[in-house]
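Undergrad: I'd like to ask some things about the structure below.
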Amino acid sequence: MYGVSSVLGIEGGYRGFYARNTIPLTPKVVNDIHKRGGTILGTSRGGHITSKIVDSIEDRGINQVYIIGGDGTQKGAAVIFEEIRKRGLKVAVVGIPKTIDNDIPVIDKSFGFDTAVEEAQRSINAAHVESESIENGIGVVKLMGRHSGFIAMYATLASRDVDCCLIPESPFYLEGPGGLFEYIEKRLKENGHMVIVIAEGAGQELLSKIMRKMDEADASGNKLLQDVGLWISHRIKVDPTYMIRAIPSNASDNVYCTLLAHSAIHGAMAGYTGFTVGPRITERQNKVVITDRMWARLLSSTNQPSFVDPKLVVAEKERELQSNGANENNQVTMTQTK
Ligand SMILES: Nc1ncnc2c1ncn2[C@@H]1O[C@H](COP(=O)(O)OP(=O)(O)OP(=O)(O)O)[C@@H](O)[C@H]1O
Ligand SMILES: O=P(O)(O)OC[C@H]1O[C@](O)(CO)[C@@H](O)[C@@H]1O
């Protein structure tokens with residue numbers, strides 16, 4: 001339609017710009033990729049040397065760059081866009097938000113999220129069946145979600161078999177009145193079994209007190225998490241963490257992905273740059289708002305307690321942000337230029 005002569009795939013994430021070869025993305029190469037999980041390009045963390053990336057874009061004569069990834073990737077795209085603008089290059093930069101965590105603000109849903117929630121149902125179902133077959137059986141299902149508990153929240157709401165959902169945004173404590181152990185005891189007395197869904201970032205403050213060694217980070221600088229599933233599991237643990245990320249996308253995600261791809265290409269071809277195919281790119285991270293209706297719905301569907309009053313949690317978070325001189329609502333928005 002636009003007479004594009006060649007489309008290059010950069011292998012292995014940002015470092016691939018200067019460390020790897022490109023692969024030609026012909027219609028034949030990409031024909032079946034929507035039916036497969038994973039990525040044909042490969043991925044990596046770390047390796048964002050902006051000047052080298054932009055050098056490589058310049059050297060290769062690339063005039064449109066489509067960058068697919070989560071909130072970190074979008075921050076990287078914003079930096080590339082700025083560098084391209086500084087050098088006065090005629091190169092369009094387009095961000096395509098992709099993360100199962102759904103932690104990119106403004107857009108309602110990132111593609112892959114639906115598929116992940118659907119796949120998580122299978123594990124929750126297995127945990128339910130297993131926990132029911134043992135006296136006082138507890139099924140613990142750990143799901144992805146480093147800073148945001150969306151997968152855990154939606155998987156819990158969809159399943160209706162979950163008795164307790166723990167997410168990073170909603171702190172909890174273990175012992176004493178109103179704590180998790182008390183609630184578990186109560187549920188077991190009532191039901192004889194229970195299912196707990198836990199997002200991988202939940203309860204990290206509790207774990208760090210117990211296990212220490214909290215300062216390690218991955219190549220992107222993301223803090224390495226303690227295994228909350230292992231820690232909390234008792235009798236049964238189903239760990240679908242990577243399973244929900246590795247499967248082919250479902251029909252709704254496939255259609256969504258097509259719409260994103262079309263918007264990205266039409267935008268760049270129309271002369272826009274520095275945009276993402278949600279309304280804008282921000283540097284904020286999307287999180288579950290535990291004073292919102294959706295979390296209230298979850299609490300009423302599981303019957304779990306709030307552990308800590310959500311209003312107190314939100315007030316504490318705001319105090320923390322103010323004392324750090326940061327405002328979570330500050331957004332860096334990439335401008336649209338034509
Ligand atoms: N502030 C930043 N400035 C420049 N580049 C960044 C920034 N943050 C992240 N990046 C680049 O983006 C890459 C991907 O970031 P990250 O590992 O956080 O994953 P993500 O895109 O958020 O996806 P996921 O949902 O898998 O966490 C990093 O390895 C780094 O190269
Ligand atoms: O182990 P890896 O491949 O670095 O990825 C784990 C992270 O990726 C995510 O799934 C985001 O894609 C996070 O939820 C999770 O913490």
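Undergrad: Sort out which residues of the range 46-98 are among the small types (Gly, Ala, Ser) and either touching a His at 6+ places or on another chain (Cβ under 7 Å) or in contact (Cβ under 8 Å) with a residue 24 or more places away in the chain (or both), and write them in order of number.
TA: Gly46, Gly47, Ser51, Ser56, Gly69, Gly70, Gly72, Gly76, Ala77, Ala78, Ala92, Gly95
Undergrad: Further, regarding this structure: Among the residues of the range 145-166, count how many are among the hydrophobic types (A, V, I, L, M, F, W, C) and open to solvent by 10 Å² or more (accessible area, probe 1.4 Å).
TA: So the answer is 3.
Undergrad: Considering only residues of the range 51-79 that are surrounded by 15 or more Cβ atoms within 10 Å (Cβ to Cβ) and of a type in the set (S, T, N, Q), which is farthest from the chain's Cα centre (by Cα)?
TA: Ser56
Undergrad: Select the strands (runs of 3 or more DSSP E) contained entirely in the range 56-158, then report the ones holding at least 1 residues which are modelled with pLDDT of 95 or more.
TA: 64-69, 92-97
Here is a yes/no grid of residues against (1) outside any loop (DSSP other than H, G, I, E, B); (2) under 20 Å from the mean Cα position of the chain (by Cα); (3) surrounded by fewer than 21 Cβ atoms within 10 Å (Cβ to Cβ):
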| site | (1), (2), (3) |
| --- | --- |
| Pro168 | no, yes, no |
| Val195 | yes, no, no |
| Ala202 | no, yes, no |
| Leu207 | yes, no, yes |
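Undergrad: Still on this model: Given the options Thr337, Thr302, Thr273, name the one that is modelled with pLDDT of 70 or more, open to solvent by less than 60 Å² (accessible area, probe 1.4 Å) and outside the structural domain of Arg187 (by TED's automatic domain parsing).
TA: Just a single option satisfies the conditions, and that option is Thr273.
Undergrad: Just one of the numbered conditions (1) under 26 Å from the mean Cα position of the chain (by Cα); (2) over 30 Å from Glu190 (Cα atoms); (3) more than 16 Å from ligand 2 (Cβ to nearest atom) is not true of Ile107; which one?
TA: All conditions pass for Ile107, except number (3).
The values are calculated or read from the model by the stated rules, or taken from the named source; none is laboratory data. Quantities reported herein were computed from a predicted structural model and do not represent experimental measurements. We place every Cβ from the backbone using ideal geometry, glycine too, and count neighbours over all the protein chains shown. Ligands, DNA and RNA are excluded from the accessible area calculation, which covers all protein heavy atoms including side chains. Shrake-Rupley method; radii C 1.70, N 1.55, O 1.52, S 1.80 Å.
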